[in-house]
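Accompanying notes for the structure given below.
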Amino acid sequence: MELLNGIEFAYPQFFWLFLVIPLMIAWYISQEQQLYGHLNLSTTRGFNLPVKSIIPKLRHLGIILRTLALTALIIALARPQSALSWQNTTTEGIDIMIASDISGSMLAEDFLPNRLEAGKNIAIDFIKNRPDDRIGLVIFSGESFTQCPLTIDHDVLINLYKDIKYGMIDDGTAIGMGLATAVNRLKGSEAKSRVVILLTDGSNNMGSIPPLTAAEIAKQFNVRVYTVGIGTHGSAPYPVQTAQGIQYQMMPVDVDETTLTKIANITGGKYFRATDNDKLKHIYQQIDKLEKAKIDVTQYHKKTELFLPFALAALLLLLLEFGLKNTILKGALT
C-alpha cells in the first residue's frame, strides 16, 4: 500500500492500532482525575505558597512520550519501504519510405507556396514526430532514384529532403518506378512493419514498371502503401515562363485516383486525397496514428526497508520515559 510519494507499507493493517492511542489518553485522563482532588478557596491570602517548580508541570510528559513511542512502533510494525522503480523500453520501430513526385505539375500553386514545397514542409514535420523510426526518401518524375536510404539520422534526411527541387530528374510521372524503388529499399528490412507513403499529383505516363505491378511486388514483400493524391478538383494555377515573365495558366488536375486506390487496396494501405495544405497535414497525422511503433516496457522495482529508524525511535522514547520517571521526575510521572 502506497501512502506517501515513494513510500510503501508492507503491512498497513497495523495502522488499526492507532485506535489504541485515544483509548490510552482517555484512560490517563480518568486516572488523573481520580488521583488528584480539588479544593476551592475564596482566597489564598494567609497561606505560605510554595516556591513554584517546573517539575509538577512535566507530569504529563510520560503520556506524551508513551504516545510518541507507540506511534513510532505502529509505523515500524507497518514496515515502511522506499519504492524505487524504473523501466526499460524496447521500441519496435517502423521502416518508412516516402516516395515523392517532383514532376513539373507539382509546381502548381493550389497549395501554398506550391504542391512540391507544401509536401516537403508537411512531410518534414511528420519525420520530426517519429524519432524512433527509420525513414528514407525516394523521388520520382520521369524516372526515380533514392534521395536518402533508410536512416535513423533524421537531421540528414531532413536536409536532403529540403534540397529536392523540380528539374533534378527528367520530367514525367513514373509512379510505378517510384513505388518499385521504395519497395526495393524496404525488401531487406527486418522491421515488423514496412510502409511506403506515395505522394503524386498525376497519372503514370513514364517508366518500365506499371503502378499495379509495383503494388503486387510491394504485397509480396509485406510492404503497406499509403497513397496520397495531391491537387484540387478541377484545375489549378500553374506558372509558365513567357517572354513577358512568369504567367499563370489554369491547368487541369490529373490525379489517377482509381490507380492510387487500387495500389492501397492491394497492399493493405489506404488512399487519401489532399486538396489543400490543411488536408495534406491531416493526412500525415492520420498515417502517423495508423502506424505506431510497438513499445515493450519492462518494469523493475527495488525496495529498501525503513522500519528500523521508527523502531529505534520508539525504543529511545520508552527509555527516555523510564529514565525520567526514575530520576528527576520520580513521583511526578504516572
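The values are calculated or read from the model by the stated rules, or taken from the named source; none is laboratory data. If you're wondering where the values come from, they're calculated on a predicted model, not measured in any experiment. Cβ placement follows ideal geometry from the backbone for every residue including glycine, while neighbour counts extend to all protein chains displayed.
Filtering the stretch 189-217 down to residues that are more than 15 Å from Lys270 (Cα to Cα), among the hydrophobic types (A, V, I, L, M, F, W, C) and touching an Asp or Glu at 6+ places or on another chain (Cβ under 8 Å), which residue is surrounded by the most Cβ atoms within 10 Å (Cβ to Cβ)?
This residue is Met206.
With respect to the numbered conditions (1) closer than 17 Å to Ala123 by Cβ; (2) in contact (Cβ under 8 Å) with a residue 12 or more places away in the chain, which one is the sole condition not fulfilled by Ala236?
Single failed check for Ala236: (1).
In contact with a Pro (Cβ under 7 Å, 6 or more places away or on another chain), part of a helix (DSSP H, G or I) and modelled with pLDDT of 90 or more: is that true of Ile287 in this structure?
Working: in contact with a Pro (Cβ under 7 Å, 6 or more places away or on another chain): no; part of a helix (DSSP H, G or I): yes; modelled with pLDDT of 90 or more: yes.
When the stated conditions are applied, Ile287 does not pass them.
Keeping to the stretch 290-321, report how many residues are under 21 Å from Pro80 (Cα atoms), surrounded by fewer than 15 Cβ atoms within 10 Å (Cβ to Cβ) and at pLDDT 85 or above.
Qualifying residue count, the stretch 290-321: 6.
For Leu324, state whether it is surrounded by 14 or more Cβ atoms within 10 Å (Cβ to Cβ), touching a helix residue (DSSP H, G or I) at 6+ places or on another chain (Cβ under 8 Å) and modelled with pLDDT under 90. If you could, list the steps in order and put the result at the bottom.
Details: surrounded by 14 or more Cβ atoms within 10 Å (Cβ to Cβ): yes; touching a helix residue (DSSP H, G or I) at 6+ places or on another chain (Cβ under 8 Å): yes; modelled with pLDDT under 90: yes.
Judged against the criteria, Leu324 is a match.
Would you confirm, using the coordinates I've provided, whether Leu157 is touching a Lys or Arg at 6+ places or on another chain (Cβ under 9 Å), in the same structural domain as Arg185 (by TED's automatic domain parsing) and closer than 27 Å to Asp171 by Cα? Show your work before the answer.
Values: touching a Lys or Arg at 6+ places or on another chain (Cβ under 9 Å): no; in the same structural domain as Arg185 (by TED's automatic domain parsing): yes; closer than 27 Å to Asp171 by Cα: yes.
When the stated conditions are applied, Leu157 does not pass them.
Taking Leu179 as the residue in question, decide whether it is among the hydrophobic types (A, V, I, L, M, F, W, C), outside any helix (DSSP H, G or I) and surrounded by 14 or more Cβ atoms within 10 Å (Cβ to Cβ). Give the derivation first.
Working: among the hydrophobic types (A, V, I, L, M, F, W, C): yes; outside any helix (DSSP H, G or I): no; surrounded by 14 or more Cβ atoms within 10 Å (Cβ to Cβ): yes.
The answer is no for Leu179.
For the stretch 115-122, indicate whether the set of residues that are more than 22 Å from Lys262 (Cβ to Cβ), β-branched (Val, Ile, Thr) and part of a loop (DSSP other than H, G, I, E, B) is non-empty.
No, that holds for no residue.
So Ala214 ticks every box in (1) among the hydrophobic types (A, V, I, L, M, F, W, C); (2) in contact with a helix residue (DSSP H, G or I) (Cβ under 6 Å, 6 or more places away or on another chain); (3) at pLDDT below 95 but one. Which box is left unticked?
Of (1) among the hydrophobic types (A, V, I, L, M, F, W, C); (2) in contact with a helix residue (DSSP H, G or I) (Cβ under 6 Å, 6 or more places away or on another chain); (3) at pLDDT below 95, only one is false for Ala214: (3).
Conditions (1) in contact with a strand residue (DSSP E or B) (Cβ under 6 Å, 6 or more places away or on another chain); (2) under 18 Å from Asp133 (Cβ atoms); (3) of a type outside the set (A, V, I, L, M, F, W, C), marked per residue:
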{"site": "Val156", "(1), (2), (3)": "no, yes, no"}
{"site": "Thr173", "(1), (2), (3)": "no, no, yes"}
{"site": "Met177", "(1), (2), (3)": "yes, no, no"}
{"site": "Ser208", "(1), (2), (3)": "no, no, yes"}
{"site": "Gly229", "(1), (2), (3)": "yes, no, yes"}
{"site": "Ala243", "(1), (2), (3)": "no, no, no"}
{"site": "Tyr248", "(1), (2), (3)": "yes, no, yes"}
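Restricting to the stretch 108-142, what's the tally of residues that are under 23 Å from Asn204 (Cβ atoms) and among the charged types (D, E, K, R)?
Final tally of qualifying residues: 3.
In the stretch 193-249, what residues are among the small types (Gly, Ala, Ser) and at positive phi? Let's see the steps before the verdict.
Of all residues in the stretch 193-249, those among the small types (Gly, Ala, Ser) come to 193, 202-203, 207-208, 214-215, 218, 229, 231, 234-236, 243, 245.
Those that are among the small types (Gly, Ala, Ser) and at positive phi: Gly207, Gly231, Gly234, Gly245.
Which residues, taken from the stretch 166-193, are of a type in the set (Lys, Arg) and modelled with pLDDT under 95?
Looking only at the stretch 166-193, we keep the residues that are of a type in the set (Lys, Arg), and these are 185, 187, 192.
Matches in the stretch 166-193: Lys187, Lys192.
Rundown of residues vs (1) of a type in the set (Val, Ile, Thr); (2) part of a strand (DSSP E or B); (3) closer than 18 Å to Leu137 by Cβ, yes/no style:
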{"position": "Gly202", "(1), (2), (3)": "no, no, no"}
{"position": "Ile209", "(1), (2), (3)": "yes, no, no"}
{"position": "Ile217", "(1), (2), (3)": "yes, no, no"}
{"position": "Tyr226", "(1), (2), (3)": "no, yes, yes"}
{"position": "Gly229", "(1), (2), (3)": "no, yes, no"}
{"position": "Gln241", "(1), (2), (3)": "no, yes, no"}
{"position": "Met250", "(1), (2), (3)": "no, yes, no"}
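How many residues are among the hydrophobic types (A, V, I, L, M, F, W, C) and under 41 Å from the mean Cα position of the chain (by Cα) if we restrict to the stretch 237-270?
Within the stretch 237-270, the first condition is being among the hydrophobic types (A, V, I, L, M, F, W, C), and the residues that meet it are 240, 243, 246, 250-251, 253, 255, 260, 263-264, 266.
Then drop every residue that is not under 41 Å from the mean Cα position of the chain (by Cα), which leaves 253, 255, 260, 263-264, 266.
The number of residues fulfilling the criteria is 6.
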